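Let me begin by presenting the structure, written as structure tokens, before commenting on it.
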Amino acid sequence: QVQLVESGGGLVQAGGSLRLSCAASGRTLSIYTMGWFRQAPGKEREFVACIRKNGSTYSADSVKGRFTISRDNAKNTVYLQMNSLKPEDTAIYYCAAKESIGPAAVQNLYDYWGQGTQVTVSS
């Protein structure tokens, strides 16, 4: 089992920045990909970004150039640095982990999920 705990959400003005953290514990060696997803009010949860075991990253077009995913292997922690935030980035952000190799943007393939952290961007 893997446990994921997110932190770092909050309220920020448009144009501002936030850094989300996701601390993993348990069977972390089994994780191949760590990802971030988000769910805005009244919308379906969507893929944001991911980082694979080999360090490669992939992000959604909507956040490219603004969000950066990274990790600290020593701390078993993944980060999402969010810059130039927009009101449409307002959502609950979820950290997820999967053990299998495969499409990283497909949320149904993820095995473990955090509880989510709220990000609110005011205009």
Over the chain, give the accessible area per residue in Å² for a 1.4 Å probe, as an integer. 51 Å²
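In terms of the ratio Rg/(2.2 N^0.38 Å) built on C-alpha atoms, what value belongs to the chain?
Here the Cα radius of gyration is 0.98 times the empirical estimate.
Which percent, to the nearest 5, of DSSP beta bridges fully inside segment 13-123 are antiparallel?
Values: 33 of 34 bridges.
So the antiparallel bridges amount to about 95 percent of the total.
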Give the total of Lys-Lys pairs in the chain with Cα-Cα distances below 21 Å; include a pair only if its members are 8 or more places apart or on different chains. 7
Of the accessible area of the chain, with the probe set at 1.4 angstrom, what percent is carbon plus sulfur? 48 percent
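Where in the chain is the longest stretch that carries no trypsin sites (Lys or Arg not before Pro) classed as loop by DSSP and with at most 11 other Cβ atoms within 10 Å?
On the way: sites that count: K43, K64.
Maximal segment without exposed cleavage sites: 65-123.
Do you know the relative contact order of segment 18-83, to the nearest whole percent, from alpha carbon pairs under 8 angstrom that are 6+ apart?
38 percent
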Taking Cβ-Cβ under 4.7 Å as the only way to count a partner, pick out the unpartnered cysteines of the chain. C50
Selection from L11, Q107, G35 lying farthest towards where the dipole of the chain points positive, charges on Cβ: G35
Could you compute the FRET efficiency for V106 and R19, with r as their C-beta to C-beta distance and R0 at 22 Å, rounded to 0.05? 0.30
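Under a point-charge model restricted to the Cβ atoms of Lys and Arg (+1) and Asp and Glu (-1), what is the dipole moment magnitude of segment 1-115 relative to its Cα centre, in debye to the nearest 20?
Details: 13 positive and 9 negative charges, 45 e Å.
Once rounded to the nearest 20, the dipole reads 220 debye.
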Go through segment 1-107 and name the GluC sites (Glu not before Pro) that are in a DSSP coil and have 13 or fewer other Cβ atoms within 10 Å of their Cβ. E44
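Multiplying the sequence separation of T57 and E99 by 0.36 nm and subtracting their Cα-Cα distance, what value in nm do you get?
Working: separation 42, 0.36 × 42 = 15.12 nm, distance 1.59 nm.
Gain in length upon complete extension: 13.5 nm.
Using a Förster distance of 30 Å, how high is the FRET efficiency between T28 and Q118, based on the Cβ-Cβ distance and rounded to 0.05?
Working: r = 25 Å, r/R0 = 0.84.
Efficiency, from the Cβ-Cβ distance: 0.75.
Please state the relative contact order of the chain as a whole percent: Cα pairs under 8 Å, 6+ residues apart? Don't skip to the end; give the middle numbers.
Values: 303 pairs, mean separation 44.1, N = 123.
That works out to 36 percent.
The values are calculated or read from the model by the stated rules, or taken from the named source; none is laboratory data. Keep in mind that this is a model prediction, so the values were computed, not measured. Ideal geometry is used to build each Cβ from the backbone, glycine not excepted, and the neighbour counts take in all protein chains shown. Heads up: the accessible areas ignore ligands, DNA and RNA and are worked out on the full protein's heavy atoms, side chains in. Shrake-Rupley method; radii C 1.70, N 1.55, O 1.52, S 1.80 Å.
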